[in-house]
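Notes for the one structure printed next.
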Amino acid sequence: MTDLILILIGTVLVNNFVLVRFLGLCPFMGVSKNIEAAAGMSMATAFVLTLSSAASYLLHEYVLLPLQLEYLRTIAFILVIAASVQFTELMVRRLSPLLDQVLGIFIPLIATNCAVLGVAILNVQEAKGFVQSVFFGFGAALGFALVLIMFAAIRERLDASDVPLSFRGTAIALMTAGIMSLAFMGFSGMARM
Amino acid sequence: MTDKVSIAILVITSLAIVAGLLLSFAGRQFPANADDLIEQVNALLPQTQCAQCGYPGCRPYAAAVVRQEAEINLCPPGGQSTADNLASLLGRRELPLSSANEYTQTKRVAIIDEPLCIGCTKCRDACPVDAIVGAHQYMHTVIAVECTGCELCLPPCPVDCISLVPVA
């Protein structure tokens, strides 16, 4: 139990996928213009991350390892991730057409979110068990959601503030992300994974 | 060696097939909902965004039709054929084009009182079906066959030189 809580704290704060490992920066920059879209994106990504880390663990443990096909894991994981993203898109389209319109192309793009593949591969590399893998994926998703929503909130405020002309737009967003990343470095050493 | 390669190919292929089957099964289990119906209805509408139906544009009207809040015969630019197409798409009773608003009883088109026109291009920009031609500082005119009689060109005209006349 402690071990699962440690995994959650570790992935959400200490080794946050976006701000410490620098994975998944594309949606971090792309879908952070307003909070609603960011929250929707976080939920969709959380679903995909948890689903795909479970599926890729099972695939690796029960198909690739017995057949000695570990070298195929990147391709196999990408396949699993693509399928779970398609499934998520199906569900989003059915459950929330409005969210589907807001997120648009960014839902299929979860498939290219490197955090998703990163979680699957880290799970295998660090030889975690099934439950730990799922929690690792879920923690990564929580961390992604936390950072994305915080960043979206900051960007909404930045829109209303008087930014020097040459820093407007992406420039100030990137600097904000850098400062957030520095802040998250403060958590390093709090929990070991 | 060949064994290993063929196993690898087999595994990846069957993975892809399984994923594809699962997805197509899921697609059938969770079929397209009302939203896709809205898209289909929207595709039948003329996209003039003239708002004569009482909704802000074609898509809101399509949404209202799908939610059964609006009748299918409120679209004057689409005419009777659009109403009939909507009836067959949605399986509803065919209705004559609504006579609730007067202009649908007789089709009307805009006409520009040409001597008064100052060539400001404002009505041209407002026209949803590009039925007004004319360049800046030159007299404009209406292509009568393209005009849907939506009246969107009336408010922008600074000299009020546009009027709607019934088609003979």
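The values are calculated or read from the model by the stated rules, or taken from the named source; none is laboratory data. It should be emphasised that the depicted structure is a prediction, and the values quoted were computed from it without experimental measurement. Backbone-built Cβ (ideal geometry, glycine too); neighbour counts: all protein chains shown. Note: areas computed on protein heavy atoms with side chains; ligands, DNA, RNA excluded. Shrake-Rupley method; radii C 1.70, N 1.55, O 1.52, S 1.80 Å.
Looking across region A:116-162, the residues that are within 14 Å of the chain's Cα centre (by Cα), closer than 23 Å to A:LEU65 by Cα and small (Gly, Ala, Ser) come down to A:GLY118, A:ALA120, A:GLY137. Output yes when any residue across region A:28-44 is free of Cβ contacts under 8 Å to residues at least 60 places away in the same chain and open to solvent by 10 Å² or more (accessible area, probe 1.4 Å), and no when none is. No, the conditions are met nowhere in region A:28-44.
Conditions tested, residue by residue: (1) outside any loop (DSSP other than H, G, I, E, B); (2) touching a helix residue (DSSP H, G or I) at 6+ places or on another chain (Cβ under 7 Å); (3) modelled with pLDDT of 80 or more.
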{"residue": "B:TYR55", "(1), (2), (3)": "no, yes, yes"}
{"residue": "B:ALA63", "(1), (2), (3)": "yes, yes, yes"}
{"residue": "B:TYR103", "(1), (2), (3)": "yes, no, no"}
{"residue": "B:ASP125", "(1), (2), (3)": "yes, no, yes"}
{"residue": "B:ASP160", "(1), (2), (3)": "no, no, yes"}
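Which of the residues that make up region A:83-104 are on the phi < 0 side of the Ramachandran plot, assigned to a helix (DSSP H, G or I) and more than 8 Å from every other protein chain (Cβ to nearest Cβ)? If the condition is that a residue be on the phi < 0 side of the Ramachandran plot, assigned to a helix (DSSP H, G or I) and more than 8 Å from every other protein chain (Cβ to nearest Cβ), then A:SER84, A:VAL85, A:THR88, A:GLU89, A:VAL92, A:LEU95, A:LEU98, A:LEU99, A:GLN101, A:VAL102, A:LEU103 are the ones that fit.
For region A:39-47, the count of residues that are within 14 Å of chain B (Cβ to nearest Cβ), touching a Gly at 6+ places or on another chain (Cβ under 9 Å) and not aromatic (Phe, Trp, Tyr) is zero. Just one of the listed residues (A:ALA140, A:ALA127) is within 29 Å of A:SER52 (Cβ to Cβ) and assigned to a helix (DSSP H, G or I), namely A:ALA140.
Answer yes or no as to whether A:THR112 is away from chain B (no Cβ under 14 Å) and at pLDDT 85 or above. Walk me through how you get there before you give the answer.
Numbers: away from chain B (no Cβ under 14 Å): yes; at pLDDT 85 or above: no.
The answer is no for A:THR112.
Limited to region A:144-193, what total is found for residues that are in contact (Cβ under 8 Å) with a residue 60 or more places away in the chain and either assigned to a loop (DSSP other than H, G, I, E, B) or among the charged types (D, E, K, R) (or both)? Count: 9.
Condition test on A:GLU36, is it more than 12 Å from chain B (Cβ to nearest Cβ) and among the charged types (D, E, K, R)?
yes
Picking from residues in region A:57-78 that are within 20 Å of A:ALA141 (Cβ to Cβ) and within 11 Å of chain B (Cβ to nearest Cβ), the one that is most open to solvent (accessible area, probe 1.4 Å) is A:ILE78.
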